[in-house]
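The values are calculated or read from the model by the stated rules, or taken from the named source; none is laboratory data. The structure displayed is predicted, hence computed values, not measured ones. We place every Cβ from the backbone using ideal geometry, glycine too, and count neighbours over all the protein chains shown.
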Amino acid sequence: MKLLNLAILLFLTLSIPLQAQNDPKTSGAYSCFLRKSSMPELPYLPSQANTAGPHAYDVLKYTISVDIYHCYTSPYPHDFTASVKIRFKADSLINNIHLDASYVSLQIDSVKLASSSFSHSGNILTVNLDRTYNPGEIAEILVYYKHKNVTDHAFYASGGFVYTDSEPEGARHWFPCYDSPSDKALLELTAKVPANVKLGSNGRLADSTVTADTIFYHWVSSSPLATYLMVMTSKVNFNLDIKYYHKITHPADSVPIRFYYNAGESPFDCENIIDSMTTYYSRKWCEHPFEKNGFATLNSEFAWGGMENQTLTSFCPNCWDPGLLSHEFAHQWFGDMITCDTWADIWLNEGFATWSESFWKESSGGYSSYLNDIHSYAASYLAGNPGWAISNPGWATNTPSVNVLFDWSITYCKGACALHQLRYVIGDSLFFKVLQTYTADTNYKYKSATIANFNQEVNRVTGQDYDWFFNEWIFTPNHPVYANSYVFINLGGGNWQVVFNTHQTQTNAAFFQMPLPIQVHFTDNSDTLVRVMNDANNQQFSMVFNKQPAALFFDPANEIVLKQAVTIVGVPEKGGRDGIVLGQNSPNPAGLKTTIPFVLPLPAEASVSIINTLGMEVWQSGILNYTAGAHSVEADLSTLPSGIYIYILKTGGRSYSGKMVINR
């Protein structure tokens, strides 16, 4: 690529900041990912609503009664008897309803009340009603069933533990239901267990009745919840601590927060911060939304991370980690109070909770601590990007594998970074106003939402159209690769012109529109930060200053974290541009080693070599395969004498060269 004559020196702008980053694999988000991605693939069928057109009814309440008394003693059987009363409202003219009910796990014994007959096949329980119901009418059915003595990775019983774990579609394995996150309902659960068992569930403990060696736990949720968030968690001789949180708006109201834990564990680190964490989240989003909350550690069958069951989160054994707590607790707002409408909207759950974990660090370490955490997620995404978008519309009707739905690089890392970039684009004031308005909006609060709903909320609060942002970062795969350049021109009279050219070279995605931050550093050691709207590729921006510029830095704080970028001095000539950029080695002059950066617009083989003034090759990298984007090689100069050298990039049958100095 030819450059203007004055473009002798080159300057590299790295897309990842130089300060030490947190290891994302120590985060609560990574622990959450390990749990969910390690779940066995179950033989799920799409929910009935997805196979039979629009949903014909709305479940209002599940009333479940289970007898799991004998599941706590060896050989810890998985079978139990139960019933579920389902109260529903007809949304259309119906004379039957379809429920999700695993044929492998459940045996349906009878259906009573407004039912005349039923059939159970293909994981669908079809209940024929006693008559035709008009839209708006409310009816109930009562299903008596047994859970078979099978391992289904939804109902667990071993070593004195009995618990459920239902995301994404496991609820249908332990009770008949409409197993879709969009249909939230109230829950009332009664469980018969031995008297030495503590059992928790969603909502508040209405009562517990002891009769001889038996205890009946009665849990009632006053807030609707999705079926995958319904839970039973219990253990023989479970330890239990209860802390009380006093609401910001009503300090006299105390919210019990229950900590169930195993012998030998210490939940105290989490107990000590739960009050301040609840206050922090409540002030930034909305008041803590539930009448109770809680956390419970399980056994080795729940080997990793956590699961954000509404008001009773499951943790892996001895996983009382503040990072995991901050991630899973944030789900009580983003995932539980407002639930993803379909699995295509998983970003509203996991992307928000992962971002929240970084945001919690901002409460004590400031913005730099938060941003450093976001940078670690960005680096993890860039290193492991599988090449699909955060949201695929097809997931709304065909649930993907857990390895896709809970992909670390996309769902967690890119998901958190995309939310951070929204914060950068619209600014803190509007960003937090969006979150407060979104969490308080009765259209979504205690209901479900789509990404499109959140997009609309952003547009409404800001008064601007940010559809482009969602199209780029949520529904488009990959990220921009910038090959930027700039030049300083002396206009005379103490005035200087800065010309900045931005060019995107990625071939695996279309152009990404974004506001770009450009910092100009001047010879008097002052700085000016300018933000320009980059809405077309190969765009040039010109600025005039009344003092001499010394350097230009593209995105100096690395706020646009989902990118690769190289910035060089010298504006490429118009025409003949092939998108390949060879940057200046750094440092220059160099000592014992140096880094040579370059950008490739397409995947290609490339090599870098160094020659001396006699034309002799004194170092070479070897030919390697590179992906499209920004790269660098590190050259060992320890055996070379001081002097002037030429370094050469060879790729695609062409060569690109630069000058470097070794000075020791």
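At-a-glance table
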| read-out | value |
| --- | --- |
| Identity of the residue in the range 585-606, assigned to a strand (DSSP E or B) and over 38 Å from the mean Cα position of the chain (by Cα), that ends up surrounded by the fewest Cβ atoms within 10 Å (Cβ to Cβ) | 593 |
| Among (1) within 27 Å of residue 380 (Cβ to Cβ); (2) under 25 Å from the mean Cα position of the chain (by Cα) - the single one residue 517 does not satisfy | (2) |
| Residue in the range 473-486 that is closer than 30 Å to residue 441 by Cα and out of contact with any helix residue (DSSP H, G or I) (no Cβ under 9 Å at 6 or more places or on another chain) present | yes |
| Inter-residue pairs, beta-carbon under 6 Å, first free of Cβ contacts under 8 Å to residues at least 60 places away in the same chain and in the range 185-204, second buried (at least 24 other Cβ atoms within 10 Å of the Cβ), 6+ apart | 199/191; 199/193; 199/234 |
| In the range 233-263, the residues that are touching a residue at least 40 places away in the same chain (Cβ under 8 Å) and more than 15 Å from residue 205 (Cα to Cα) | 235, 236, 237, 238, 245, 247, 261, 262 |
| Residue, nearest to the chain's Cα centre (by Cα), within the range 391-414, restricted to residues that are surrounded by fewer than 24 Cβ atoms within 10 Å (Cβ to Cβ) and within 16 Å of residue 472 (Cα to Cα) | 392 |
| Filter result for residue 368 (buried (at least 23 other Cβ atoms within 10 Å of the Cβ) and more than 13 Å from residue 323 (Cα to Cα)) | no |
| Single condition residue 228 does not satisfy, out of (1) in a strand (DSSP E or B); (2) in contact (Cβ under 8 Å) with a residue 60 or more places away in the chain | (1) |
| Single residue of 625, 663 found to be touching a residue at least 24 places away in the same chain (Cβ under 8 Å) and surrounded by fewer than 12 Cβ atoms within 10 Å (Cβ to Cβ) | 663 |
| Test for residue 279: is it in contact with an Asp or Glu (Cβ under 8 Å, 6 or more places away or on another chain) and free of Cβ contacts under 8 Å to residues at least 40 places away in the same chain | no |
| Positions within the range 100-119 being assigned to a strand (DSSP E or B) and either farther than 18 Å from residue 148 by Cα or free of Cβ contacts under 8 Å to residues at least 40 places away in the same chain (or both), in sequence order | 109, 110, 111, 112, 113, 115, 116, 117, 118, 119 |
| Scan of the range 253-300 for residues that are of a type in the set (Ser, Thr, Tyr), surrounded by 19 or more Cβ atoms within 10 Å (Cβ to Cβ) and over 28 Å from residue 154 (Cα atoms), ordered by number | 278, 281 |
| Residue check for residue 350: surrounded by fewer than 24 Cβ atoms within 10 Å (Cβ to Cβ), touching a helix residue (DSSP H, G or I) at 6+ places or on another chain (Cβ under 6 Å), among the charged types (D, E, K, R) and on the phi < 0 side of the Ramachandran plot | no |
| The range 643-654: number of residues that are surrounded by 12 or more Cβ atoms within 10 Å (Cβ to Cβ) and within 42 Å of the chain's Cα centre (by Cα) | 6 |
| Residues that are under 30 Å from residue 384 (Cα atoms), free of Cβ contacts under 8 Å to residues at least 40 places away in the same chain and not polar (S, T, N, Q), drawn from the range 461-485 | 467, 470 |
| Matching residues in the range 250-289 - criterion: being under 30 Å from residue 160 (Cβ atoms), part of a loop (DSSP other than H, G, I, E, B) and more than 27 Å from the chain's Cα centre (by Cα) | 262, 263, 264, 265, 266 |
| Residue within the range 67-77 that is in contact (Cβ under 8 Å) with a residue 24 or more places away in the chain and assigned to a strand (DSSP E or B) present | yes |
| Inter-residue pairs, beta-carbon under 6 Å, first farther than 21 Å from residue 222 by Cβ and in the range 433-460, second assigned to a loop (DSSP other than H, G, I, E, B) and among the polar types (S, T, N, Q), 6+ apart | 451/391 |
| Number of the condition not met by residue 618 [criteria: (1) modelled with pLDDT of 85 or more; (2) surrounded by fewer than 22 Cβ atoms within 10 Å (Cβ to Cβ); (3) within 37 Å of the chain's Cα centre (by Cα); (4) over 26 Å from residue 488 (Cα atoms)] | (3) |
| Subset of the range 299-325 (residues that are part of a helix (DSSP H, G or I) and either out of contact with any Gly (no Cβ under 6 Å at 6 or more places or on another chain) or of a type in the set (Asp, Glu) (or both)) | 322, 325 |
| Residues of the range 336-380 that turn out to be outside any helix (DSSP H, G or I) and charged (D, E, K, R), as a count | 2 |
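Results for (1) among the hydroxyl-bearing types (Ser, Thr, Tyr); (2) buried (at least 17 other Cβ atoms within 10 Å of the Cβ), shown as yes or no for each residue.
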position	(1), (2)
71	no, yes
75	no, no
88	no, yes
93	no, no
97	no, yes
109	no, no
112	no, no
118	no, yes
121	yes, no
